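Trainee: Would you mind keeping the following structure in view while I ask a few things?
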Ligand code: SF4
């Protein structure tokens, strides 16, 4: 089965949640698409052996990518691990592998399809592995937002900057409007570039994560909180006045990560009270007040590198996805690593990819069947590639994540 993304999306302005994950079909969003086929039972004691055997049988025909937020049982079979952009580049650097199995979420597989060659097929083991943040910006909503910016007389001054965690359609929108993609590692460089494009009075429309946009503008570029407005796609004109749009430098889309957005300042302060000399490190998708109160802020790659470089005995409280934090605890047993918030759980969509789905995917390939191929529409891919290439041409951008 394949999915495609088109620009002529006819979703309602306010798409209503929610299909139950794994049931029904909604090909135009990151959630709730059908996962067909017979899956092995999770209780099957032979799953590890079956995965090993299928992977060995496929050899160089398959390249398995594992995002840092994946379960350990999946990471065990990954040829490389990393964040979304690193993995997409890793896939592109493996043109000899006809099948790329992307253990991550839907937008990541789309990016890999855009960046890999025509002869490569990108496979997502469970089509229900979407991303709630990416879902918060539907292409029709974003195009309506742009119409509002035109109406307010600010579109000509505005450059879109879109986080990697977005659908291919939103990336294509960004390419069509002269913007750039960014990652959590290069958001500062991307924002600096974007704000310079239109000269004095230049603005950025930052999609879809308001927190990364705000944190980068205020903390990294020294901007003011007053220079930011939040555009709510569920309200006329984003819930803003023309004057507010005209006065703002950063127009932040009202989106967030349903995992990182839940870490709280109260939990951080409690950790400081309970763990003397603790170092707090969080992801920039966290809320501004949490990021402000942390000792270190960075992408998943930076979090891993920072903890790897710390001396034995360092005490950490980490605010990112739980699978990664648990793995860090295993990898660095001489440091004390705790999870920031007791009430935050795994990313539920990342966790959709499990060993049964991976076994099913690999065994299907062994049997000559391609399941769950992710194919981005050619026109969408062309403009998304423009925005991705713009990111790659940013100053200092080489092979960073
Ligand atoms: S952790 Fe957040 S941004 Fe990442 S896939 Fe899950 S919901 Fe999306």
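Trainee: Run the numbers for residue 79 and residue 197: contour at 0.36 nm per residue of separation, minus the present Cα-Cα distance, in nm.
Mentor: Values: separation 118, 0.36 × 118 = 42.48 nm, distance 3.94 nm.
Gain in length upon complete extension: 38.5 nm.
Trainee: Same structure, new question: Counting only helical runs of four or more DSSP H residues, what would the 222 nm mean residue ellipticity of the chain come to if each run contributes -39,500 (n - 2.57) and the total is spread over all its residues?
Mentor: Helix-only estimate at 222 nm: -10500 deg cm²/dmol.
Trainee: Right, something else. What's the ranking of 299-307, 212-220, 362-370 by average number of surrounding C-beta atoms within 10 Å, highest first? Walk me through the numbers on the way to the answer.
Mentor: Values: 299-307: 19.8, 212-220: 22.8, 362-370: 15.4.
Ranking, from highest mean packing down: 212-220, 299-307, 362-370.
Trainee: Right, another one. Pulled fully out, how much extra length does the chain show between residue 232 and residue 72, if you take 0.36 nm times their separation in residues and subtract their Cα-Cα distance? Let's see the in-between values first.
Mentor: On the way: separation 160, 0.36 × 160 = 57.60 nm, distance 3.69 nm.
Gain in length upon complete extension: 53.9 nm.
Trainee: Full extension from residue 292 to residue 41: what is 0.36 nm times the residue separation minus their Cα-Cα distance, to one decimal in nm?
Mentor: Numbers: separation 251, 0.36 × 251 = 90.36 nm, distance 4.48 nm.
Net length gain for the segment: 85.9 nm.
Trainee: At 7 Å along the Cα-to-beta-carbon direction for both residue 312 and residue 57, put a label point, then send me their distance in nm to one decimal.
Mentor: About 4.6 nm separates the two model spin labels.
Trainee: Same structure, new question: Could you work out how far apart the two model spin labels at residue 393 and residue 92 are, taking each label as a point 7 Å from the Cα in the direction of the beta carbon, and quote it in nm?
Mentor: Taking the simple label geometry, residue 393 and residue 92 are separated by 1.4 nm.
Trainee: Can you compute the modelled spin-label distance between residue 269 and residue 119, with each label point 7 Å from Cα toward Cβ, in nm?
Mentor: Label-label distance for residue 269 and residue 119, simple model: 6.0 nm.
Trainee: With a cut-off of 8 Å between alpha carbons and a minimum separation of six or more residues, what is the relative contact order of the chain in percent?
Mentor: Working: 832 pairs, mean separation 93.3, N = 401.
Normalised by residue count, the contact order of the chain is 23 percent.
Trainee: State whether the stretch 92-213 is rounded, prolate or oblate according to the following rule on the C-alpha gyration tensor (a ≥ b ≥ c being the square roots of its eigenvalues): a/c under 1.5 gives rounded; otherwise a/b larger than b/c gives prolate, and the remaining case gives oblate. Intermediate values should be presented prior to the final figure.
Mentor: Details: a/c = 2.36, a/b = 1.88, b/c = 1.25.
The shape class here is prolate.
Trainee: Using a Gaussian network model of the chain with C-alpha springs under 10 Å, which one of 314, 192, 183 is most mobile by mean-square fluctuation?
Mentor: Ranking 314, 192, 183 by mean-square fluctuation puts 314 first.
Trainee: Which percent, to the nearest 5, of DSSP beta bridges fully inside the chain are antiparallel? Intermediate values should be presented prior to the final figure.
Mentor: On the way: 1 of 39 bridges.
Bridges in the chain that DSSP calls antiparallel: roughly 5 percent.
Trainee: Just report the Cα centroid separation between the stretch 131-210 and the stretch 341-388, whole Å.
Mentor: Taking the Cα centre of the stretch 341-388 as reference, the centre of the stretch 131-210 is 24 Å away.
Trainee: Considering every pair of different Cα atoms, what Kirkwood radius, in Å, is found for the stretch 260-339? Please report the intermediate quantities before stating the final value.
Mentor: Details: mean 1/r = 0.0809 Å⁻¹.
Result for the stretch 260-339, one decimal place: 12.4 Å.
Trainee: Tell me, rounded to the nearest percent, the portion of alpha carbon pairs in the chain spaced more than 27 Å apart. Write down the numbers at each step before the final one.
Mentor: Working: 39716 of 80200 pairs.
Tail of the P(r) past 27 Å holds 50 percent of the pairs.
Since every read-out is calculated from the coordinates, none of them should be taken as a lab result. Because the structure is predicted, anything quoted here is derived from the model rather than measured. Note that each Cβ is placed from the backbone with ideal geometry, even for glycine, and that neighbours are counted across all protein chains shown.
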